[in-house]
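Structure first, then comments.
The values are calculated or read from the model by the stated rules, or taken from the named source; none is laboratory data. This structure is a prediction, so every number in the text was calculated from the model and none was measured. Don't worry about glycine lacking a Cβ; one is built from the backbone with ideal geometry, like all the others, and counts go over all protein chains shown. Remember, those area values only see protein heavy atoms, side chains included, never the ligands or the DNA or RNA. Shrake-Rupley method; radii C 1.70, N 1.55, O 1.52, S 1.80 Å.
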Amino acid sequence: MARFPSGVVVVTTRCPDGSPRGFTASSFCSVSLAPPMILVCLANSADSAASFARCDHFAVSVLSPVHRGLAVRFATKGADKFAGGGLRLSPRGLPTVERALSELDCVLHARHPAGDHMVLIGRVTGVRLGEGSPMIYYDRSFRSLT
């Protein structure tokens, strides 16, 4: 699958105590237009897996090449993902990436185990659009469209 190019997103939620959790993903796609739904996959071994196994809302930020450092931070196990800036709060109070190509507010529709991953399906309840080109993940590294 490393030979299949995909976009890069940061997905965030909040724990019941209010602390934020998040991860970088390249397994993200549209599921339905009516109603609007997306899916994203999270490794069961991820630091934030337990939080996403219980959440009922999450946000997805579609990244551009300027977000490379943030994508690495959110992909690094054990990192303080919410230190270092580059984030803001969505209207629902979830962290999202500043200057993202798009931000999606999602209500959890379904959660499915799939091997060593969890598939989250979200119903999109809000969208904010930015501008720019997408960051691509291909052959185990972040790239730009040329």
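Observations
- Using a probe radius of 1.4 angstrom, the carbon and sulfur fraction of the accessible surface of region 3-102 is 58%.
- 3J(HN,Hα) along region 57-71, derived from phi through the Karplus expression 6.51 cos²θ - 1.76 cosθ + 1.60 where θ = phi - 60°, amounts to 9, 8, 10, 10, 10, 7, 8, 10, x, 5, 9, 3, x, 5, 4 Hz, with x in place of Gly and Pro.
- Table column - 3J(HN,Hα) (Hz), region 85-94, Karplus curve with 6.51, -1.76, 1.60, x for Gly and Pro: x, x, 10, 8, 8, 6, x, 7, x, 9
- Student exercise, region 1-132 dipole from Lys, Arg, Asp, Glu Cβ charges, in Debye to nearest 20: 80
- Using the Karplus relation 6.51 cos²θ - 1.76 cosθ + 1.60 with θ = phi - 60°, the per-residue 3J(HN,Hα) values for region 38-45 come to 10, 9, 9, 10, 10, 5, 4, 8 Hz, with x marking Gly and Pro.
- Average accessible surface area per residue within the chain, 1.4 Å rolling probe, Å²: 53
- The Cα atoms of region 3-146 give a gyration tensor whose axes a ≥ b ≥ c have a/c under 1.5, which makes the shape rounded.
- Restricting the trypsin sites (Lys or Arg not before Pro) of region 51-91 to loop positions (DSSP other than H, G, I, E, B) with no more than 13 neighbouring Cβ atoms within 10 Å leaves Arg54, Lys77.
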